[in-house]
Each structure stands twice: as C-alpha cells, then as structure tokens.
Amino acid sequence: MLKNIRKIDNRKMEFMPEVDPFSEVRLKGEKRWIIAHIFHGTNKFIVLIIFFGTILTSILNSALNIIIGVAIDEFIAGIGGRLFHYVLVIFIIGVGSPFLNLVNNLLRETLAQRMERDTRQEFYTNLLGKSQSFHDQQRIGDIMARTTNDVRMLNFLISPALSLIFESFAALVIPIIFIFLFFPTELLFAPLVFTVLFLITLRSYTRKLGPVTARLRGEFGQMNAILNETLSGIEVVKGSSNEEYELKKYLRNAHSFKDAFVEQGYIMARYIPLLLIAFTITFGLGHAIFLNLQGSPSMGIGQIIAYVGLLGILRFPTFISIWVFAIVRLAISGSERLLEVMNKESDIDENIQGRTAEIVGGVSFKNVTFCYPGSSQPVLLNIDFEVQPGQTVAIVGTTGSGKTTLTKLISRLYDVTEGHVFVDSVDVKNYHLESLRSQISYIEQDVFLFSSSIFDNISFGKTGSIDQVTRVAKEAQAHDFISKFPEGYYTEVGERGVQLSGGERQRVAIARAFLADPKILILDDSTSAIDSETEDRIQASISNVLKGRTTFLITHRLSQIRWADLILVMQRGTIIAQGTHEELIKTSEEYRKIFIKRFDLREEQLLKMEVT
C-alpha cells in the first residue's frame, strides 16, 4: 500500500501517512477536492440516503398541496365521502415529512462532522510533512486560522449549506413537475420564467461574492497572525510600552475585516430573487384566477389554492440561497487557502526507500555551500572538514558566522545548496529521514518544551519508563528541582515550559537528549542559562554520555572548547581555521581574539598560559 501511495504522490514530503486518499485530488482544485471528501469511504452511502430522503420529502410537501386542493374542491361541491381519507393522508404526510427531515438532518450532521475531522487530520498531517524552510516562512497565526476557521467552514459547507442547496433544488424542480402534471400547461409560465431568472441572478450573485469571501478569509488570517505575534511577544510589547502601537495595528486589520463583511452585506442586500418571487406568486395567482373566471374546468377554488401553495414552495430556495451560497463561497475560499498550503512542495523528501542502518557517527562536509530557500546570499561557503566517530567537535565564531546553520545540515533540517554532507561516508540525502534524525539529538539554547508533564517532555521522541526518566534527569542535574514539585515528574510545565526557569528548561532538554541515546549529539550553547556550579556537575555527566558518540559543541566556554578533538573557527559562513586548542592558540589569530576578548587577557599572557 505504501509503495502505491508513493506512485500517486511523487512530491517531496518529510512525513506522510501510509494511506493518503486525497494526495492526487489535491492537485486538481478545491472543488474536486471537496467532492472527493464528500464521497470518501462510507460517506457515499450517507449521501445516497440524504438524496432519496430529500426527494421524498419534497414530493410529499408538493403532494400535500394537491391533496388539500382536491379536498377543498370536493367539499365545495358537496362531496364529503372521502374527506376523512384526505384528512388522514394529510396527517400522515404532516407527521412523516418532519420525521424524514429529522433523519436527513442527523445524517447531514454526521457527514459534516466527518468532513471536518478528515480535513483537519489531512491538513495537520500535511503540516507535519513540510520542511523546516517552509515553517520558517509562515506566520503561525495565519496557519492557526487556516487550521481552525477555514477547516470549520467545510463543516458548514455540508451542514447546512450543501444540504439546503439540494433541498432547495428539489423544492425548485418538483413543484414545477407537479404543476406540469396536475394543472393547465399555461400555468407553467410564471414558475419557469422565475426559475430561469433565478438561476441567472444566482450565478451573478455567487461571482460577486467570490472576491469578497476570499478577502474575508485572508483578512481573518492576517488578524489572527497579528494577535498571535503580539501575544507571543507580550513581554517585549509591555517592556517597551508599545501597547498603543500594537492596538492600532490590530484595529487596522480588524477594520479591513469589517469592511469586507459590509461589502458582502451590500451584495446580499441587492439580491434580486427576493423581488422576483413576490412578482411570481402575485402573477401566478392572477393567472390562475383569470383561468377560473374564463370557466376552466380544471381551475376550481381548491386548485387555485393548491397552485399558489406550490408556488409558495419556491420561496424556500429563494430565501435560503441568499445566505447559503455565501457560506459556499466562504468554504471554497477557505479550501483555496488550505490547498495553497498543502500543495506547496517540501524542500526535503523523507526518502522512504533510504538507508535505515544504525549509524556509527562519522561526519564529513565536502565543499558545502548553503543558502536559505528564497535567498541567493550564502550563509555557508565552501565548508570542508571531517570528524571521526566518537570525536568531540567544538564550533566557535562570532554571532552570525553560521555555526548553528552548519549543525542543522547534519540532520537535514535543511538541504545543502552545493556540495555534500556525509554521515558514515553516506550522503545524508540517501538516508531514510526518520532513521537519520532519530539517531541525532539537538539541544538548543532556546529550549522548547511542550505544554505537558515533565515526564512527557523528557520521554518525547523515545518512550521511557519512570526509572529511565529519573536516571537521565539525575545525570542532567534536573532530579532535585523536579522532586520539589508536588506532582514530581508529572508536573505540567505550561505552554513552552513557562512554569520552569531557563536553566530548568535546559536541564529537562539535556535529560531528553540523554534518554534518546543518540549516535550524534549537538549542543548549541545548551548550558548558557545554568549557573557555574550546576554546569560543572552537568559537564561531568555529559563527559560520560559523550563516550562512544560524536558530539558537536557550539560554545564559547573555554572549559568545553579546550578538550575538543577538533575545533572549527568560523567567520562569515566560512571555516577560517581548524585544529586542536593548542594548535589554534598558536596559529589562529581569530581564535586567540575570542579568548582575549572573553577573559580580558593580552595575547602574550594567553600564549604563556597555554605553554605552561
């Protein structure tokens, strides 16, 4: 099955489920994609039941008017023998029709909820499959708006929109069929003219709504993006007393959102079919009365009432269409926004057929140049170095020299622009992505924790028992502060770990890396928020953990750098020197400058200190 899915969708994705029935139809436009969801799996049987239920309900409603007309004519004519039967039939229809509506409403709600569930799962899975470069370019608030509100619109598309549209279609066609079958042919004139004009004006109405609804969805996404960005940076906003500026920025977008709604209201207010139905019923009644006065035998008082009753059914599609088609346009605009994201190809493929063997830890860069997607400015240029399995590499350099970017190429968070990155002499592009990344742990300075328990955060990526989690927490010097919480390891840390200090978050992240037992460990200034005494204890644990695994250290701490097997000195995206600490102190002026600035030493003192 998995191989079949790959044949259908050859686009790059970092992660894909084993079965994705919508991968092909996503490329064919929002309407085909919506239809595929509606008829997916057992949904088609629900649609079939709703179809026949709606047709039957409309037939019963139209037949009710015919029976009432016949009953009135017979009553006027003094024929009362069958009146009881008519009353009984009217009662049965009056009870049966609402029951059918109840069943239809239940089924359409089921279909709508399935639609939202499947779409939400598809969109979320697709987001997980996008590469890091894609997420770097997105505004989280806008993505959240698409995930929540745009997906929700597809629920409303089914219930009530499409269900009512189909009911409206039945309520438009079936009464005309009954008029054709039971009334003089000339009485078809009013409903047929109305139907033609109704369809023409409806087409114009939906076309005018299209740009407005697209603007509505876009403005809503922008409004959410601003809100998310402001709340995420609320500490900076308050620290700089910039609340008024942020408020004005948000209100500008809110006013644009309001203006789009007002424009939609103007279009809806000029909806001509509301006027047409009034003329149609009036003209139809006059026409029927005229035939009655002309002595038409088939147009008694009861038949006039029945005919007007059938024309009255046409009011339902008229009044429903004014807001139902607005929902349809909003849902289509929302679908366009969803597909806009889902159809963007990822820069990196998971390489499902790639190498899955356990890695040893050898790493080498060969003539690597890297530019971030969308930029032609190299961040890394002609990077060359080789690391043997089990060695420790320290990467030093000024801010912006490319240290962090270099390490992210190892796990293929980004792909190189030129050159090759090898792990165990195999290009990283030839590895199965999950296999490669599961054997590499990355601890950043800005640690991200999920809003769950400490236990869940430590065991994220590799499930461990409480004993295993406790052991690695002790090694990371985290056990003591965790034990002080009333809930211990099951304490909720809040969004992004706000309940913990910076140093505590870093220790939890270090414990997570220890539990993962990676073959390659990358530490990006991972102890910057930890006091010196705690750091010394952590370093002792790290020294034990580093044995037998390849480690990359991004740091300016001399205690960590000087014992590295290889030190890379970076400047403006290039490696200007590499070697051991003793070698670089003697040969690299840039390397010496790092410690001269940091420890306020003269060059002669530094050289003398190293010699002794």
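The values are calculated or read from the model by the stated rules, or taken from the named source; none is laboratory data. Because the structure is predicted, anything quoted here is derived from the model rather than measured. Ideal geometry is used to build each Cβ from the backbone, glycine not excepted, and the neighbour counts take in all protein chains shown.
Overview of results
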item	result
Residue among Val423, Val416 that alone is touching a helix residue (DSSP H, G or I) at 6+ places or on another chain (Cβ under 8 Å), hydrophobic (A, V, I, L, M, F, W, C), at pLDDT 90 or above and within 30 Å of Ile383 (Cα to Cα)	Val423
Odd one out for Glu340 among (1) touching a Lys or Arg at 6+ places or on another chain (Cβ under 7 Å); (2) surrounded by fewer than 19 Cβ atoms within 10 Å (Cβ to Cβ); (3) among the charged types (D, E, K, R)	(1)
Pairs where the first residue, in the stretch 217-228, is under 17 Å from Leu339 (Cα atoms) and among the charged types (D, E, K, R) and the second is part of a helix (DSSP H, G or I) and modelled with pLDDT of 85 or more, C-beta under 7 Å, 6+ apart	Arg217/Asp150; Arg217/Leu330; Arg217/Ser333; Arg217/Gly334; Arg217/Arg337
Odd one out for Ile90, checked against (1) assigned to a helix (DSSP H, G or I); (2) among the β-branched types (Val, Ile, Thr); (3) under 30 Å from the mean Cα position of the chain (by Cα)	(3)
Among the residues listed as Asp142, Asp118, the single one being assigned by TED's automatic domain parsing to the domain that holds Gly53, in contact (Cβ under 8 Å) with a residue 40 or more places away in the chain, among the acidic types (Asp, Glu) and buried (at least 20 other Cβ atoms within 10 Å of the Cβ)	Asp142
Residue tally, condition within 19 Å of Met570 (Cβ to Cβ), surrounded by 14 or more Cβ atoms within 10 Å (Cβ to Cβ) and within 39 Å of the chain's Cα centre (by Cα), over the stretch 372-392	7
The stretch 16-37, residues that are outside any helix (DSSP H, G or I), charged (D, E, K, R) and in contact (Cβ under 8 Å) with a residue 60 or more places away in the chain	Asp20
Residue in the stretch 151-166 that is closer than 22 Å to Leu216 by Cα, in contact with a helix residue (DSSP H, G or I) (Cβ under 9 Å, 6 or more places away or on another chain) and small (Gly, Ala, Ser) present	yes
Ser459 vs. criteria buried (at least 21 other Cβ atoms within 10 Å of the Cβ) and either out of contact with any Leu (no Cβ under 7 Å at 6 or more places or on another chain) or at pLDDT below 90 (or both)	yes
When residues of the stretch 461-473 are limited to those that are free of Cβ contacts under 8 Å to residues at least 24 places away in the same chain and assigned to a helix (DSSP H, G or I), the one nearest to Val387 (Cα to Cα)	Arg471
Residue match in the stretch 73-86 (condition: modelled with pLDDT of 85 or more, among the β-branched types (Val, Ile, Thr) and more than 22 Å from Ser298 (Cβ to Cβ))	no
Among (1) buried (at least 20 other Cβ atoms within 10 Å of the Cβ); (2) without any contact (Cβ under 8 Å) to a residue 60 or more places away in the chain; (3) not hydrophobic (A, V, I, L, M, F, W, C) - the single one Ser401 does not satisfy	(2)
Which listed residue, of Glu504, Glu583, Glu535, is among the charged types (D, E, K, R), more than 21 Å from Gly362 (Cα to Cα), part of a helix (DSSP H, G or I) and at pLDDT below 65	Glu535
Unique residue being closer than 25 Å to Ile35 by Cβ, without any contact (Cβ under 8 Å) to a residue 60 or more places away in the chain and surrounded by fewer than 21 Cβ atoms within 10 Å (Cβ to Cβ) when the list is Thr125, Thr185, Thr206, Thr148	Thr148
Counted residues, the stretch 277-299 - those being assigned to a helix (DSSP H, G or I) and either touching a residue at least 12 places away in the same chain (Cβ under 8 Å) or aromatic (Phe, Trp, Tyr) (or both)	13
The stretch 547-571 residues that are at negative phi, paired with ones that are β-branched (Val, Ile, Thr) and not in a strand (DSSP E or B) (beta carbon under 6 Å, 6 or more apart)	Phe552/Thr407
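The rows are residues; the columns are (1) in contact with a Leu (Cβ under 9 Å, 6 or more places away or on another chain); (2) among the hydrophobic types (A, V, I, L, M, F, W, C); (3) more than 27 Å from Leu64 (Cβ to Cβ); (4) not assigned by TED's automatic domain parsing to the domain that holds Ser62.
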{"residue": "Ile226", "(1), (2), (3), (4)": "no, yes, yes, no"}
{"residue": "Val236", "(1), (2), (3), (4)": "no, yes, yes, no"}
{"residue": "Leu251", "(1), (2), (3), (4)": "no, yes, yes, no"}
{"residue": "Ala278", "(1), (2), (3), (4)": "no, yes, no, no"}
{"residue": "Ser296", "(1), (2), (3), (4)": "no, no, no, no"}
